[in-house]
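The values are calculated or read from the model by the stated rules, or taken from the named source; none is laboratory data. What you see is a predicted model; the values in this text were computed from it and never measured. We place every Cβ from the backbone using ideal geometry, glycine too, and count neighbours over all the protein chains shown. With ligands, DNA and RNA removed, areas are computed over all heavy atoms of the protein, side chains included. Shrake-Rupley method; radii C 1.70, N 1.55, O 1.52, S 1.80 Å.
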Amino acid sequence: MGGKRWFEVRSPVSPRRAILSSVGIWVAFFAVWIIASSAGWVNPLLVPTPAKVFQATYTLFAEQGFSTDVLISIGRVLASFALACMVAVPLGVAMGAFPAIDAIFAPFVSAWRYLPAPSFIPILLMWFGTGEAPKLALLFLGVIFFLITLIADHTKEVRKELIETALTLGANRTVTVFGVILPAVLPNIVIAMRQMLAMSWTYLVIAEIVASTTGIGAMMMRARRFLHTDEILAGIIVIGVLGLVFDVLFGVLHRRLFPYLERQR
Amino acid sequence: MITDPLLKVENVSKRFELRKGTSITAVEDISFDVAKGTICVLLGPSGSGKSTILRMVAGLETQTTGDIYLNRTSIDGPGRNRGMVFQAYTSFDWLSVRRNVEFGMKINGVAQRERSERATHFIELVGLSKFIDAYPSQLSGGMRQRVAIARTLANAPDILLMDEPFGALDAETRWQMQELMIDIAEASGTTMIIVTHDIEEAIFLADKIVFLSSHPGRIKEEIIPDFKSAGRLKNKEDLLALPGYGELERKIMRLMREEGHKS
Ligand SMILES: Nc1ncnc2c1ncn2[C@@H]1O[C@H](COP(=O)(O)OP(=O)(O)O)[C@@H](O)[C@H]1O
Ligand SMILES: [Mg+2]
C-alpha cells in the first residue's frame, strides 16, 4: 500500500471514493433511522420509520390535496422574492455605483439588518390582518436588507480600472452604469439572489407556522395537533427538496446567463 | 518648420490630501511636451509619480496646479481623445473580442458598418483575428492586453496613454508586445505616452525619455535616444547590437541608482 493513508492533509479524493463516501453517509443515516425506529429504541409515535414518512408524503399529495399547499408556499416565496429583487437590485447597484446614494441608504439599510425579521410578526399581523400580506411582508423584510447590502458590496467590487477604461473611451454616466458596472456585477447579483432565496424559504416556514392556515408550514402545524409525526417529517422533506430544486435551477440559470465565465482556458 | 506639440504639460503639480489633514506631493513642477506621431516614455523609479502624471493627462485625476493642453485645448476630465491602457486587465468579460473592440465606437455613435470594419482592422493589427469571436476569459494575459490596445486604438484617440501595460506579462510576451507597439506606431502614426520602469523597454520604445526622480516626482532629465539615428527599430536584438545602446543604458542605470541612494 506504499504507506498511503486514508486521511492525508489536503490530499484530493478520487472521484470513485468521493461517490462512495457521499452515498455511504446517507446509507448510514437511513440505517440508523430504520434500526432505531423498527427495533423499538424510540417511541414510534415520535419517530416514524422512513417507510411511513414516504407513505405519508405520497398520501398527502395523492389524497389530501397537499400540492395546493405546496403551490401556495412556492407562490409566496416567489412573489415576495420578486418584490425584494425589484427593490434591491436597482437600489444596491445605485448604492455601489454612486457613493452619494450609498451615503444616504447604507446607514439605514445596515441598521435594519440587525433587527430579526420574525420579531415583526405581531405588528405585521396587526397592520395587515390575516391574508397574504403579512406573510409576504415578513418574507420581504427577511431578505431585502441583506440582498441590498450584498448587491451594493458586489457593485463596489467592480474594478476601478474597468470604470476608468469606459470613461477614457468616452462613456458618460449612463453608459458607465448600464454598459459596464451592471454587466460586470450581474453574475454576482445572481449569486446573491441564490443565497437569499434559500433564506426566503426559512422565513416562509416561520410565517406559515406562526400565522397561516395554508401552505406547507400550516400543514405541519395541523399535523402536530393530530400527532402525525410522519406528515411533519414529510413537510420538512418537501421543503428541503424544494430548496434544493430552486438552488439547482439558479445554478443552471447562472451558467446559461453567463457562459463566458465558464470558458476558462 | 516649428509646429505646436500635440500635448503640452506645463508646470503641473499634484498634491494628494490624505486623512487627518496631511498631504503628499506626488509630482512637482512637471513640464514636457509630446510631438505628434512620437512615442514619449515616462521612466523613473517606483513612486516617482509616473502614473499620477499619466492619469492627469487622461483626466482621471485633476492637477493641483499647472495646465495640460491637448491640441492647445486645456483638458477637462476624461475623454475619448485620450485613450488609456492599464497594467491590470480591463477586458469586458461579458463581451467577445469583437464587441470589446467595438465598445468605444458604439458608445460614440459610430455606425455599425464602420464599427465592424474598424474592429476587424485593429484586431488584425494586434494579431488576434483568429480570436475575434472568443471571450476574454479564453485568452492569455498578453492577448488580453492586445484586446485593450485594439479597443483603445479603434476609438481613434489623439494620443494613446499606457501605464506599465506589459508589467504583468512574462519576458517573451513582453518583448513581442514592445515590437508590436513599434509596428503600430509605424503603421498608424499614433502618438503615445508609455509609462515604464524597465530601462530596456524605455530605450527600445522611446523617441524621447522623460526621466523622473522621486519624492516628490520631478523631471530629472529629458533624454533623446539619438543613437537610434536611422529611426525606430523593429527588432529588439537590433537595438542591443547598436553602438550607443550600452552607453545610454549605463547612463540611465546611474540615474536610477542615484535615486535609490537618495531615500
Ligand atoms: N490616490 C492617491 N492618494 C494618495 N497618494 C497617492 C495617490 N496616488 C499616488 N499617490 C502617491 O503619489 C506618489 C506617486 O505615485 P505614482 O504616481 O503611483 O508613482 P509611480 O507610478 O511612478 O510608481 C506615491 O508616493 C504615491 O503614494
Ligand atoms: Mg505606477
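Using modelled amide H (1.01 Å from N, peptide plane; none on Pro or chain starts), what sits under 5 Å from the amide H of B:Leu161, excluding residues fewer than 5 places away?
B:Gly83, B:Met84, B:Val85, B:Ile193
Please report, as a whole percent, how much of the solvent-accessible surface of chain B comes from carbon and sulfur atoms (probe radius 1.4 Å).
Heavy-atom surface of chain B belonging to carbon and sulfur, 1.4 Å probe: 47 percent.
Over 22 Å, how big is the tail of the calculated P(r) for the stretch A:27-102, in percent of all Cα pairs?
Taking all Cα-Cα pairs of the stretch A:27-102, the fraction more than 22 Å apart is 59 percent.
Enter the Cα centre distance for the pair the stretch A:116-191 and the stretch A:28-84, rounded to the nearest angstrom.
34 Å
Pairs of Cα atoms under 8 Å, at least six residues apart: use those to get the relative contact order of chain B, whole percent.
Across chain B, relative contact order equals 25 percent.
How many Å³ per residue does the convex hull of the Cα positions in chain B occupy?
It is 148 Å³ per residue.
Go ahead and estimate [θ] at 222 nm for the protein assembly as shown from helices alone: -39,500 (n - 2.57) per DSSP H run with n ≥ 4, summed, over the residue count, rounded to 500.
So the calculated ellipticity at 222 nm is -18500 deg cm²/dmol.
For helix B:171-188, report the angle its Cα long axis makes with the longest principal axis of the Cα atoms of chain B; keep it between 0 and 90° and round to the nearest 10°.
It works out to around 80 degrees.
Taking only protein heavy atoms into account and a 1.4 Å probe, give the accessible area per residue of chain B in Å².
45 Å²
In whole Hz, what ³J(HN,Hα) sequence does the stretch B:244-260 give by Karplus (6.51, -1.76, 1.60; θ = phi - 60°), x for Gly and Pro?
Listing the rounded values in order: x, 5, x, 5, 5, 4, 4, 4, 5, 4, 4, 4, 4, 5, 4, 4, x Hz.
For the stretch A:1-140, what D do you get in µm² per second when you plug the Kirkwood radius from alpha-carbon pairs into Stokes-Einstein at 10 °C and 1.306 mPa s?
Reported coefficient: 75 µm²/s.
Hey, can you grab everything whose amide H is under 5 Å from the amide H of B:Thr90? Only 5+ residues off in sequence or another chain; H modelled, so Pro and N-termini drop out.
none
Mind giving me the nanometre distance, one decimal, between the label points for B:Ser74 and B:Ala241, set 7 Å out from Cα along Cα→Cβ?
That separation, rounded to one decimal, is 5.1 nm.
Counting only the heavy atoms of the protein chains, how much of B:Val85 is accessible to a 1.4 Å probe, in Å² to the nearest 10?
Using a 1.4 Å probe on the heavy atoms, I get roughly 0 Å².
Please name whichever of A:Leu147, A:Ala117, B:Val9 sits farthest to the positive end of the charge dipole of the protein assembly as shown, dipole taken about the Cα centre and charges placed at Cβ: Lys and Arg +1, Asp and Glu -1.
Most positive-ward Cα: A:Ala117.
Using the Karplus curve 6.51 cos²θ - 1.76 cosθ + 1.60 with θ = phi - 60°, work out ³J(HN,Hα) for each residue of the stretch A:131-146 in order, rounded to whole Hz, and write x for Gly and Pro.
x, 6, 3, x, 5, 4, 4, 5, 4, 4, 4, x, 10, 4, 6, 5
Can you give me the angle between helix A:216-225 and the longest principal axis of chain A, using Cα atoms only, in degrees from 0 to 90, rounded to the nearest 10?
30 degrees
If A:Val23, B:Val147 are ordered by their accessible area, calculated over protein heavy atoms with a 1.4 Å probe, which sequence runs from highest to lowest?
Largest accessible area first, the list is A:Val23, B:Val147.
Give, rounded to the nearest 20 debye, the magnitude of the charge dipole that the protein assembly as shown has about its Cα centre when Lys and Arg contribute +1 at Cβ and Asp and Glu contribute -1 at Cβ.
1240 debye
Report the relative contact order of the stretch B:90-156, percent, no decimals, based on alpha-carbon pairs under 8 angstrom and at least 6 residues apart.
50 percent.
Per 5 Å bin from zero, what fraction in whole % of the C-alpha pairs of the stretch B:90-156 is there, up to the bin with the longest pair?
Values per bin, smallest distances first: 3, 22, 35, 25, 11, 3, 0.
Determine how many Å³ per residue the convex hull of the Cα atoms of the protein assembly as shown encloses.
Given the Cα convex hull of the protein assembly as shown, per-residue volume reads 256 Å³.
Counting only other chains, and only Cβ atoms inside 10 Å, what mean value do you get across the residues of B:86-99?
Taking all residues of B:86-99 together, the mean is 4.
Based on alpha-carbon centroids, what's the gap between the stretch B:195-263 and the stretch B:104-163 in Å, whole number please?
Between the Cα centres of the stretch B:195-263 and the stretch B:104-163 lies a distance of 29 Å.
For the stretch B:43-91, with only Lys/Arg (+1) and Asp/Glu (-1) charged at the beta-carbon, what is the dipole magnitude about the Cα centre, in debye rounded to 20?
For this selection, approximately 140 debye.
Net charge within 12 Å of B:Leu248 by Cβ-Cβ distance, Lys/Arg positive one each and Asp/Glu negative one each, not counting B:Leu248 itself?
Here the count lands on -1.
Tabulate in residue order the Karplus-calculated ³J(HN,Hα) for the stretch A:160-172, using 6.51 cos²θ - 1.76 cosθ + 1.60 with θ = phi - 60°, rounded to whole Hz; enter x for Gly and Pro.
4, 4, 5, 5, 5, 4, 4, 4, 6, 8, x, 6, 8
Towards the positive end of the charge dipole of the protein assembly as shown, with charges on Cβ (+1 Lys, Arg; -1 Asp, Glu), say which of B:Asn81, A:Ser73, A:Ala103 has the farthest Cα.
Projecting each Cα onto the dipole axis, the largest value belongs to A:Ser73.
Size of the dipole of the stretch B:90-156 about the Cα centre, Lys and Arg at +1 and Asp and Glu at -1 on the beta carbon, nothing else charged, in debye to 20?
40 debye
Mind checking the mean number of beta-carbon atoms from other chains within 10 Å of the Cβ atoms in B:138-146?
1
Counting pairs of alpha carbon atoms under 8 Å apart in space and at least six apart in sequence, what relative contact order in percent does the stretch A:84-221 give?
Across the stretch A:84-221, relative contact order equals 30 percent.
Considering only protein heavy atoms, with the full assembly of protein chains and a 1.4 angstrom probe, order A:Arg173, B:Arg15 by accessible area, largest first.
The residues order as A:Arg173, B:Arg15, largest area first.
Two decimals is fine: what is log10 I(q)/I(0) at q = 0.16 Å⁻¹ for the stretch A:95-143, from a Debye sum with one equal scatterer on every Cα and no solvent?
Log10 I(q)/I(0), no solvent term: -0.56.
Under a point spin-label approximation (7 Å from Cα along Cα-to-Cβ), what is the B:Leu18-A:Ala62 distance to one decimal in nm?
Once both label points are built, they end up 7.6 nm from each other.
Given points 7 Å out from each Cα along the Cα-Cβ axis, report the A:Glu132 to A:Phe226 separation in nanometres with one decimal.
2.7 nm
Beyond 26 Å, what share of the Cα-Cα pairs of chain A is found? Please give it as a whole percent.
58 percent
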